[in-house]
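K.L.:
First the structure, then my questions, so here it is.
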Amino acid sequence: QVPLVESGGGLVQAGDSLRLSCAASGRSFSDYAMGWFRQAPGKEREFVAAIIWSGVNTYADSVKGRFTIPRDNAKNTVYLQMNRLKPEDTAVYYCAATTNPFKLGSTTSDYNYWGQGTQVTVSS
């Protein structure tokens, strides 16, 4: 098991910024590749961003240029920095981990472990 604890969600206005954090425990954090997904009401969980152990990353087209996914292996934490937020970014955001540190996964089946989710609401 890899406990993942997300934090940082909240209610913001369109155009604002927000940073989510996901802290992991257990094995060395550099043993994991990490991802962020989100799920809006009535919709399927969708990919947002992913990063492998070395920092190579990828983003969904809908967030490219607005979101970044830095990681701090010394702090066992991955972040999702969200800028220029839009109402359509409203969702529950989930952190995910895979024990393949080289996998730049963009589907839910790529990941072994999930956090509990944190709500992000963007008002217009």
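K.L.:
Can you spot the aspartates and glutamates whose alpha carbon is less than 20 Å from Lys75's alpha carbon? Ignore those fewer than 8 places along the same chain.
P.N.:
Straight-distance partners of Lys75: Glu6, Asp31.
K.L.:
When the Cα centres of the range 70-95 and the range 1-44 are compared, how far apart do they sit, in Å?
P.N.:
Each part reduced to its Cα centre gives a spacing of 5 Å.
K.L.:
At 1.4 Å probe size, with the rest of the protein present, what percent of the exposed accessible area of the chain is carbon and sulfur atoms?
P.N.:
48 percent
K.L.:
For the range 54-124, run through the chymotrypsin sites (Phe, Trp or Tyr not before Pro) and keep only the ones in DSSP coil with at most 13 other Cβ atoms within 10 Å of their Cβ.
P.N.:
Here the sparse-neighbourhood loop sites are Phe102.
K.L.:
While we're here: Taking the Cα centre as origin and putting +1 on Lys and Arg beta-carbons and -1 on Asp and Glu beta-carbons, what dipole magnitude results for the chain, to the nearest 20 debye?
P.N.:
Once rounded to the nearest 20, the dipole reads 140 debye.
K.L.:
Beyond 19 Å, what share of the Cα-Cα pairs of the range 1-64 remains, rounded to the nearest whole percent?
P.N.:
44 percent
K.L.:
Once you list every other residue whose beta carbon is under 12 Å from the beta carbon of Ala49, what net charge do they have if Lys and Arg are +1 and Asp and Glu are -1?
P.N.:
+2
K.L.:
At 1.4 Å probe radius, can you tell me the per residue accessible area of the chain in Å²?
P.N.:
In whole numbers, the chain has 49 Å² accessible per residue.
K.L.:
With θ set to phi - 60° and the Karplus curve 6.51 cos²θ - 1.76 cosθ + 1.60, what are the ³J(HN,Hα) couplings of the range 110-124 in order, to the nearest whole Hz, using x for Gly and Pro?
P.N.:
Working through the residues one at a time gives 6, 10, 8, 10, 9, x, 7, x, 9, 7, 10, 10, 10, 8, 8 Hz.
K.L.:
Provide the net charge surrounding Phe29, with neighbours chosen by a C-beta distance below 14 Å and charges set as Lys +1, Arg +1, Asp -1, Glu -1.
P.N.:
+1
K.L.:
Another question, then. When only alpha-carbon atoms count, how far does the range 40-123 stretch along each of its three principal axes, as whole angstroms with the largest first?
P.N.:
35, 24, 23
The values are calculated or read from the model by the stated rules, or taken from the named source; none is laboratory data. Predicted, not measured: the structure shown is a model, and the values here were computed from it. Note that we place each Cβ from the backbone using ideal geometry, even for glycine, and neighbour counts take in every protein chain shown. Keep in mind that these areas ignore ligands, DNA and RNA; they rest on the heavy atoms of the full protein, side chains included. Shrake-Rupley method; radii C 1.70, N 1.55, O 1.52, S 1.80 Å.
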